[in-house]
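Take a look at the structure below.
The values are calculated or read from the model by the stated rules, or taken from the named source; none is laboratory data. Quick caveat, the model's predicted, so the values are computed rather than measured. Positions of Cβ are backbone-derived with ideal geometry, glycine not excepted, and every protein chain shown enters the neighbour counts. The accessibility values were calculated without ligands, DNA or RNA, using every heavy atom of the protein model including side chains. Shrake-Rupley method; radii C 1.70, N 1.55, O 1.52, S 1.80 Å.
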Amino acid sequence: ATPLDIQNIRRDFPILDQEVNGRPLVYFDNAATNQKPLLVIDALTRYYEGYNANIHRGIHHLAEQATAAFEASRRAFQEFLNAKHWQEIIFTYGTTDGINLVAKTYGRHFLTAGDEIIISTLEHHSNIVPWQMLCEEKGCILKVIPVDDNGDLLLDEYEKLLSERTKFVSCVHVSNALGTVNPVKTIIEKAHEVGAVVLIDGAQASSHLELDVQALDADFYVLSAHKLYGPTGMGVLYGKKELLDSMPPFRGGGEMIKEVTFAKTTYADLPYKFEAGTPNIADVVAVKAALDYMASLGKEAIAAHENDLLRYATEQLLELDGLRIIGQAREKIGVISFIMEGIHHQDIGVILDQQGIAVRTGHHCTQPLMQRFGIAGTTRASFAVYNTRDEVDRLIQGLRRVQKMML
Ligand code: PMP
């Protein structure tokens, strides 16, 4: 891939052009949410200024225009994920919502006492808690794939956990806390060998990796728009058609029905069966601009740039005395988590912020993973396409200042 013109790309993100505490902003909190290009912001404004209307029900011009744009986003996600059918793309409010949908419909309907669910040590709380709730309700058993000291999943241990009792495997594609890229194709293959159904949490993978749910043979794949340069409050659940068809609906209400009488209700066909109520139309419409934007840059070129930053930042960070990177997995993307001897991560975050540098500190919604490494939290720098080596240099200078002030 041809290298990207990052200075040009930065002009697409108006938020980056500002000072924080008297210094040019360095935004390294991209794993929490990344920034939005003007194209996305403009798409939101165009929707509200030009064709805001409730979808599917109307026969008037604006309703038709809004419905067309809404459904065009669905087709765009079908292409983005390489789903076989457009009906397999369900709009949600985000990754958390997508996982809860699957746990509360597929899980509740098909899992019973004694069935085993496997997750991994790398999971975000949103891929732990819904399964624990299901286990509590149904008497299922939760098993966890361990990680080694580098933050790589132990696949041998995973294979030992798998048995005919395994009914569901739910695993993160890329760890938001450590950046580990998991071998999800292998994880899915092994699960299918024992007849288990698999959900992949793609929240962190979606803006970095080329995605192909058919090549992966994923049964479910979930993501959040706000982590792929799109708006907040919107996400996608991909599910294989035959699975989605077999599942009961999630929320009841308007839009998800065929016919309602007081005696009985019949449900709409896919995907509408899972889209009760007025959806987040504006954000669904606008996220298409984010997908188009990423496609115009090329996922491969984006990943190449972020990997360069990752390598450069890793080298530079390791020069600092007493700094330890948590998680040096075989394959990583976009994220560096680290701790510094004798300095609390919160102090690091505050002092960096004073210098205009935004990082995340704490447990990153992965408390069990932090427990695995025997720490309370880390400082995390995470990269997006608009970040530069100069910004990494700013981070290093900032951390030297932290050391000077704290040690
Ligand atoms: N999984 C992973 C790996 C994440 O990084 C996140 C967001 N930090 C989530 C799930 C939850 O996503 P959301 O808050 O958008 O629902």
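Report, to one decimal in Å, the Kirkwood hydrodynamic radius for the range 217-318 based on all distinct Cα pairs. Before the final figure, lay out each step's value.
Working: mean 1/r = 0.0596 Å⁻¹.
Kirkwood hydrodynamic radius for the range 217-318: 16.8 Å.
In this structure, Leu38 and Ala263 have a Cβ-Cβ separation that, at R0 = 45 Å, corresponds to a calculated FRET efficiency of about 0.30.
Taking the 1.4 Å solvent-accessible surface of the chain as the whole, the part contributed by carbon and sulfur is 50%. When only Cα pairs below 8 angstrom with a gap of at least 6 residues are kept, the range 1-89 shows a relative contact order of 14 percent.
Keeping all protein chains in place, calculate the accessible area per residue for the chain (probe 1.4 angstrom), answer in Å². Mind showing how you got there, number by number?
Working: 17110 Å² over 407 residues.
Result: 42 Å² per residue.
A P(r) calculated from all alpha carbon pairs of the range 318-390, with 5 Å bins opening at zero, reads 3, 14, 24, 28, 21, 8, 2 percent. Pairwise Cα separations in the range 203-242 fall into 5 Å bins from 0 onward with the following percentages, short to long: 6, 23, 29, 23, 14, 5, 0.
Could you list, in their original order, any pairs among Lys104/Lys264; Lys240/Lys288; Lys84/Lys273; Lys36/Lys241; Lys227/Lys404; Lys288/Lys332 whose Cα atoms are separated by more than 30 Å? Provide the component values of the computation, followed by the final result.
Numbers: Lys104/Lys264 22 Å; Lys240/Lys288 22 Å; Lys84/Lys273 18 Å; Lys36/Lys241 32 Å; Lys227/Lys404 34 Å; Lys288/Lys332 27 Å.
Pairs exceeding the cut-off: Lys36/Lys241; Lys227/Lys404.
As an equivalent ellipsoid, the chain spans semi-axes of 36, 29, 17 angstrom, where each value is the square root of five times an eigenvalue of the C-alpha gyration tensor, largest first. Can you figure out the FRET efficiency of His344 with Glu300, using R₀ = 35 Å and their beta-carbon distance, to the nearest 0.05? With a Förster radius of 35 Å, E is 0.35.
Pair-distance distribution of the range 259-370: all C-alpha pairs, bin width 5 Å, starting at 0; shares per bin in whole percent are 2, 8, 11, 14, 13, 11, 11, 9, 7, 5, 4, 3, 2, 1, 0.
In nm², what is the average projected area of the convex hull enclosing the Cα atoms of the range 33-87?
Numbers: hull surface 19.7 nm².
Approximately 4.9 nm², given one-decimal rounding.
Could you give the semi-axes, largest first, of the ellipsoid that matches the range 71-185, computed as the square roots of 5 times the alpha carbon gyration tensor eigenvalues and rounded to whole Å? Walk me through the numbers on the way to the answer.
Details: eigenvalues 124, 80, 33 Å².
Largest first, the range 71-185 gives 25, 20, 13 Å.
Tell me the Kirkwood radius of the range 87-137: reciprocal of the mean inverse pair distance over distinct alpha-carbon atoms, in Å. Kirkwood radius, the range 87-137: 11.7 Å.
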